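What follows draws every value from the coordinates through simple rules; no lab data is involved. All of these numbers come straight from a predicted model, not from anything done at the bench. Note that each Cβ is placed from the backbone with ideal geometry, even for glycine, and that neighbours are counted across all protein chains shown.
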């Protein structure tokens, strides 16, 4: 066992390699701070990239969708796939166009995607997609029906190779440019949660409860998702 993914020609960070990491903790931190992944794959020689909600169980990534989805139908027999998650954290304005940049966190994961056809694993995954983000909520929901289960396909991909790449610093101008009279600095970028908007047909007396407190107004989404993952993993 190792706490890092193997470094190969495929996942090695070449450009600004000092920003790259291959340990599980760094890769998983980027994955767990987001809900939206992009899955890249090839169908009959044509590249596609599909955005989808993702969640992680150890070193296995899951995503789901309609059983009729082109992406899911193409991956179900064990196709190679690349899953990426990224966060934009800041706009970096320098004194030259060449040195403008952004602060970011990204993870790129490679593996073989497969259709989850084992009934028990699929049932756990369909529970996991709720519990990973909203711990304890699944038991309060109307149970999923056989028809809904059949209409939903779940894909799993064990992470075979992966790398994280992070830039989290200020302006990096050429030394001779620091005296140039133009504003330079970093403009932070954050996704912040807004006020919860109840369904207009909410039954009388139903409250948000403690569960939704994790996603309170003004909290950063990435922080809330990371905390939710900690609760989920801690309860397993």
*asked:* Please rank 219, 122, fewest neighbouring Cβ atoms within 10 Å first, as an exposure proxy.
replied: 219, 122
*Please determine, in degrees from 0 to 90 and to the nearest 10, the orientation of helix 119-131 with respect to the longest principal axis defined by the Cα atoms of the chain, where the helix direction is its Cα long axis.*
60 degrees
*By how many degrees, between 0 and 90 and to the nearest 10, does the Cα long axis of helix 221-235 differ from the longest principal axis of the chain?*
50 degrees
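Where Rh is the Kirkwood radius over the Cα pairs of region 118-236, the temperature 10 °C and the viscosity 1.306 mPa s, what D in µm²/s does Stokes-Einstein return?
Numbers: Rh = 19.0 Å.
It diffuses with D of about 83 µm²/s by this estimate.
In terms of the Cα gyration tensor, with a ≥ b ≥ c the square roots of its eigenvalues, is region 183-236 rounded because a/c is under 1.5, prolate because a/b exceeds b/c, or oblate? Let's see the in-between values first.
On the way: a/c = 4.56, a/b = 1.48, b/c = 3.08.
Oblate.
For the chain, what is the mean residue ellipticity at 222 nm derived from helices alone (per DSSP H run of n ≥ 4: -39500 (n - 2.57); sum divided by total residues; nearest 500 deg cm²/dmol)?
On the way: 5 runs with 49 residues, N = 236.
Computed ellipticity for the chain at 222 nm equals -6000 deg cm²/dmol.
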*Radius of gyration and Dmax over the Cα atoms of region 1-126, both given in Å*: 16.7, 58
*May I ask for log10 I(q)/I(0) of region 17-235 at q = 0.07, 0.08, 0.12, 0.16 Å⁻¹, from a Debye sum over the Cα atoms as equal point scatterers with solvent left out?*
-0.29, -0.38, -0.78, -1.18
